[in-house]
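The values are calculated or read from the model by the stated rules, or taken from the named source; none is laboratory data. Since this is a predicted model, take the numbers as computed values, not measurements. FYI the Cβ positions are ideal-geometry reconstructions off the backbone, even for glycines, and counts take in every protein chain you see. Heavy atoms of the whole protein, side chains included, go into the accessibility calculation; ligands, DNA and RNA do not. Shrake-Rupley method; radii C 1.70, N 1.55, O 1.52, S 1.80 Å.
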Amino acid sequence: MQNRQWVLDHYPDGPATPDVWRLEEVDMPEPGPGQILIRTRWLSMDPYMRGRLSPAANYTAGVAIGGVMHGGGLGEVIASNHPDWKVGELAESMSVGWREHAVLTPDLPGAAATNRVPEGVPAQATLSWLGMPGLTAYVGLTEIGRPIPGETLVVSAASGAVGQLVGQIAKLMGARVIGIAGSDDKLDYCRSIGFDAGINYKTCPDLSAAIAELAPNGIDVFFDNTGGPIHDAVLANLATFARVIICGRIAVVDQAPSEDIGLRASSRLIVTRARIQGLIVFDWWHKRAEAFRHLVNWHAQGHIRFREDILDGFEHAPEAFVRMMAGGNRGKQLVRL
């Protein structure tokens with residue numbers, strides 16, 4: 001039997017395009033001692049993966065030319081050499097990659113671990129609200145942003161996999177939530193799940209003025225998923241002792257560092273005494289059990305709603321990734337095999 005996999009053909013110069021990857025067939029892998037073999041059912045598309053498409057140094061190693069594209073996924077166990085895993089069980093891991101079958105080592109620690117899909121939720125939830133995006137939103141708010149009742153929070157990429165959870169969790173914490181997104185449809189969705197207000201950055205003539213109008217006393221917490229001009233506009237409107245979580249930079253990730261030049265915010269940070277902290281979710285993997293316990297309870301109580309954007313077919317993985325990076329998705333981008 002053959003195993004299809006998407007490998008990196010070349011590094012993109014600017015936005016990733018589907019020809020960055022090529023589809024290969026290789027021999028079916030076999031699990032070694034303590035390993036399992038899964039047939040992939042779902043692949044997760046996440047903005048952090050764009051950082052893996054570069055030879056430049058990053059917080060973790062990128063994909064080498066000819067290497068299998070990184071990414072999380074889940075699948076059904078079809079062979080097991082591990083005493084605690086049985087054929088037919090569903091396994092989720094950040095180490096699946098873009099391949100139809102993958103060998104996993106369940107006993108690896110941390111973010112490389114293999115996790116069972118819990119009962120009572122759709123399997124693909126472990127790639128979205130009950131997975132890495134859920135943990136990102138939870139720790140970003142509870143460990144860094146820490147909104148208190150009555151404070152105003154802004155989240156960019158508000159309808160995305162992380163943004164929609166940030167808004168709902170912040171509401172549960174008592175904050176007033178403003179979402180920034182790139183279409184009226186996305187903002188309508190954000191309002192439907194409890195956001196108080198929204199701004200379409202693509203049609204707004206003066207983003208900083210629009211933020212000031214919605215939050216005349218300033219922004220207390222900013223959950224930044226985009227970087228770029230949105231980042232600059234919100235930082236110009238920070239409240240005293242604001243907290244800024246730098247989670248993503250999808251708006252500028254395709255630009256050369258020399259082109260990503262925006263507001264110098266140092267004077268504003270001195271005036272407001274604001275705190276800015278970067279967020280890499282893998283630093284907080286020890287918080288998974290705590291985060292998922294809360295997320296499961298909130299979901300069961302109807303406080304967490306979630307929108308998915310699904311493309312069917314393994315051959316559409318590059319298309320799904322490019323679509324997500326361009327903001328064409330409506331909610332969490334997934335590929336169903």
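Checking the cross-link filter: which aspartates and glutamates have an alpha carbon closer than 20 Å to that of Lys171, excluding same-chain neighbours under 8 positions apart?
Cα-Cα hits under 20 Å: Glu143, Glu151, Asp188, Asp196, Asp220, Asp224, Glu290.
Work out which GluC sites (Glu not before Pro) in the chain are exposed loop sites (DSSP not H, G, I, E or B, at most 11 other Cβ within 10 Å) and give the longest gap free of them.
Longest site-free region, per DSSP loop and neighbour criteria: 120-258.
Suppose each label sits 7 Å from its Cα in the direction of the beta carbon; what would the Asn58-Glu290 distance come out to in nanometres?
Rounded to a tenth, the inter-label distance reads 2.8 nm.
Is the range 108-214 rounded, prolate or oblate when judged by the Cα gyration tensor, a ≥ b ≥ c being the square roots of its eigenvalues, rounded requiring a/c under 1.5 and prolate requiring a/b larger than b/c?
prolate
Using a 10 Å cut-off on Cβ atoms, rank the peptides 181-189, 156-164 from the highest mean neighbour count down.
156-164, 181-189
Quick one: dipole size for the chain, taken about the Cα centre, charges +1 on Lys/Arg Cβ and -1 on Asp/Glu Cβ, in debye to the nearest 20.
With only Lys, Arg, Asp and Glu charged at Cβ, the dipole is about 940 debye.
Per residue, how much accessible area does the chain show when a 1.4 Å probe rolls over the protein heavy atoms, in square angstrom?
Ligands and nucleic acids excluded, the result is 43 Å² per residue.
At 0.36 nm per residue, and after removing the present C-alpha to C-alpha distance, how many nm does the segment from Arg323 to Asp184 gain when stretched out fully?
48.2 nm
Highest GNM mean-square fluctuation, the chain, Cα pairs closer than 10 Å: which of Gln255, Gln301, Gln124?
Comparing Gln255, Gln301, Gln124 in the GNM, the peak value goes to Gln301.
Could you report the accessible area of Arg4 in Å², rounded to 10, computed with a 1.4 Å probe on the protein chains as they sit in the structure?
60
By a straight-distance test (C-alpha under 18 Å), which aspartates and glutamates pair with Lys86 as possible cross-link partners, with residues fewer than eight away in the same chain excluded?
Result set, ordered by chain and number: Glu30, Glu76, Asp107, Glu119.
Using a Debye calculation, one point per C-alpha and no hydration shell, please list log10 I(q)/I(0) for the range 1-141 at q = 0.15 Å⁻¹ in order.
Relative scattering, expressed as log10 I(q)/I(0), comes to -0.79.
Within the range 294-336, whose backbone N sits under 17 Å from a point 7 Å along Cα→Cβ of Asp260?
325-327
Carbon-plus-sulfur fraction of the accessible area of the chain, 1.4 Å probe, in percent?
In the chain, the share of accessible area belonging to carbon and sulfur is 52 percent.
Taking only the alpha-carbon atoms of the range 164-232, what semi-axes of the equivalent ellipsoid follow from 5 times the gyration tensor eigenvalues under a square root, in whole Å, largest first?
Ellipsoid semi-axes (Å, largest first): 18, 15, 11.
Grab the Cα-Cα distance for Ile78 and Thr17, subtract it from 0.36 nm times how many residues apart they are, and report the gain in nm with one decimal.
So the chain would gain 18.7 nm between Ile78 and Thr17.
Assign unit charges at the C-beta atoms only (+1 for Lys and Arg, -1 for Asp and Glu), then state the dipole size of the range 65-124 relative to its Cα centre in Debye, rounded to the nearest 20.
With Lys and Arg at +1 and Asp and Glu at -1, about 120 debye.
Counting DSSP beta bridges with both partners in the chain, what percentage is antiparallel, nearest 5?
Antiparallel: roughly 55 percent of the beta bridges in the chain.
Could you tell me whether the range 252-296 comes out rounded, prolate or oblate from its Cα gyration tensor? Rule is a ≥ b ≥ c as square roots of the eigenvalues, rounded for a/c under 1.5, then prolate if a/b exceeds b/c, otherwise oblate.
It comes out oblate by the Cα gyration axes.
Per residue, how much space in cubic angstrom lies within the convex hull of the C-alpha atoms of the range 27-107?
96
Provide the packing ranking of 135-142, 11-18, i.e. peptides ordered by the mean count of other C-beta atoms within 10 Å per residue, highest first.
Averaged packing, sorted descending, gives the order 135-142, 11-18.
In Å, the Kirkwood hydrodynamic radius of the chain over pairs of distinct alpha carbons?
20.6
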